[in-house]
Amino acid sequence: MQDGSNELLKSTLFQVERAASRLGFDNGLLKVLKEPKRILSVSIPIRKDDGSVEVYQGYRVQHNLTRGPAKGGIRYHQDVNLDEVVALAALMTWKCAVVNIPYGGAKGGIVCNPKKLSLNELEALTRRYASEISIIIGPEKDIPAPDVNTNPQVMAWIMDTFSAQHGYSIPAVVTGKPIEIGGSQGRNEATGSGCVYVIEEAVSGCGINIGEATVAVQGFGNAGSVAAASLNNLGCRVVAVSDSQGAIYCESGLDVADVREFKARTGTVVGYPDATPITQQELLTLE
């Protein structure tokens with residue numbers, strides 16, 4: 001596969017090359033590590049609520065299966081592309097290996113804007129996608145998980161579709177499903193909490209007092225909002241957060257719980273009354 005124009009893929013391959021050089025890997029092994037093992041591209045036709053038919057593009061990439069079944073999330077976003085999914089699958093391989101979990105790396109995605117789909121359309125899209133990728137997923141093959149714009153409900157649809165094809169319930173085909181059908185307690189908070197654990201370790205080695213730190217969070221969704229709340233509980237002053245519609249800033253610190261409630265009620269952090277609107281670029285340059 002060619003590197004392509006995607007910056008994430010270029011960055012990922014550069015990291016692999018740099019690590020391989022330091023570890024003294026031979027060129028042949030490096031070539032293996034840079035290439036995904038399997039790429040599945042599927043077209044997903046669904047009938048929308050108005051009776052029209054729309055066709056969406058979906059992907060499932062398995063980067064490496066040497067250490068065990070593949071593992072990785074599925075994202076629904078209008079900017080999903082194959083280079084991005086390949087890069088994220090590779091990063092899942094490294095993440096599993098670094099913490100010594102016996103899984104390989106995978107990733108999936110559908111090019112769509114789920115916020116413009118009804119619940120019925122979203123279910124139809126998910127079930128057809130699950131059916132198309134069912135030939136390469138399964139508890140001993142590849143285990144999808146929630147990611148950007150996917151949630152326990154989406155995982156439940158995938159599990160149900162896959163199970164129906166086999167004639168019995170197979171909860172182990174996905175993670176992140178509702179607790180009522182075999183999900184794990186704390187799964188919704190796991191990604192954000194894991195981010196905070198890494199931050200705590202990083203700042204401890206840099207001589208930073210985390211209780212005196214200021215924080216800006218890009219993405220106030222399932223992961224970012226949990227991370228912001230956890231960092232706030234550690235004494236950090238969360239001064240800025242953003243979502244897909246914009247960003248907000250408050251020098252004295254945001255009331256994270258109140259911002260979460262505001263977003264749950266309105267669908268965005270934009271317009272939160274006790275903060276100043278800023279651009280995404282301004283958020284990225286905050287010190």
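The values are calculated or read from the model by the stated rules, or taken from the named source; none is laboratory data. Keep in mind the model is a prediction, meaning the values are calculated, not measured. Virtual Cβ from ideal backbone geometry, glycine too; neighbours counted across all protein chains shown. Accessible surface areas use protein heavy atoms only, side chains included; no ligands, DNA or RNA. Shrake-Rupley method; radii C 1.70, N 1.55, O 1.52, S 1.80 Å.
Results, tabulated for the structure shown:
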{"quantity": "For Leu254, distant residues with modelled amide H under 5 Å away", "calculated": "Val238, Val239"}
{"quantity": "Fraction of accessible area attributable to carbon and sulfur, the chain (%, probe 1.4 Å)", "calculated": "51 percent"}
{"quantity": "Area accessible to solvent at Glu212, 1.4 Å probe radius, in Å²", "calculated": "150 Å²"}
{"quantity": "Relative packing of 243-256, 79-92, 265-278, which averages over residues the other C-beta atoms within 10 Å, highest first", "calculated": "79-92, 243-256, 265-278"}
{"quantity": "Extension gain, Glu17 back to Ser184 (0.36 nm per residue minus Cα-Cα distance, nm)", "calculated": "56.5 nm"}
{"quantity": "Accessible-area ranking of Leu65, Leu9, largest first, probe 1.4 Å", "calculated": "Leu65, Leu9"}
{"quantity": "Of all DSSP beta bridges in the chain, antiparallel share, percent nearest 5", "calculated": "60 percent"}
{"quantity": "Spatially proximal lysines relative to Lys37 (Cα-Cα < 28 Å; intrachain offsets below 8 disregarded)", "calculated": "Lys10, Lys71, Lys95, Lys107, Lys141, Lys177"}
{"quantity": "Most fluctuating residue given options Ser204, Ser225, Ser131, as computed from a GNM of the chain linking Cα atoms under 10 Å", "calculated": "Ser204"}
{"quantity": "Backbone HN-Hα couplings from phi across the stretch 40-48 [Karplus 6.51/-1.76/1.60, Hz, Gly and Pro as x]", "calculated": "10, 10, 10, 9, 10, x, 9, 8, 7"}
{"quantity": "Value of relative contact order over the chain, rounded to a whole percent, pairs C-alpha under 8 Å and six or more apart", "calculated": "11 percent"}
{"quantity": "³J(HN,Hα), Karplus 6.51/-1.76/1.60, whole Hz, each residue of the stretch 143-160, x for Gly, Pro", "calculated": "10, x, 8, x, 8, 4, 6, 10, 8, x, 5, 4, 5, 5, 5, 5, 4, 5"}
{"quantity": "Percent RCO, i.e. relative contact order, over the stretch 36-165, from Cα pairs under 8 Å lying at least 6 residues apart", "calculated": "29 percent"}
{"quantity": "Surface accessible to a 1.4 Å probe, per residue, for the residues of the chain, Å²", "calculated": "52 Å²"}
{"quantity": "Mean Cβ neighbour count within 10 Å, used as a protection proxy, ranking 116-127, 154-165 highest first", "calculated": "154-165, 116-127"}
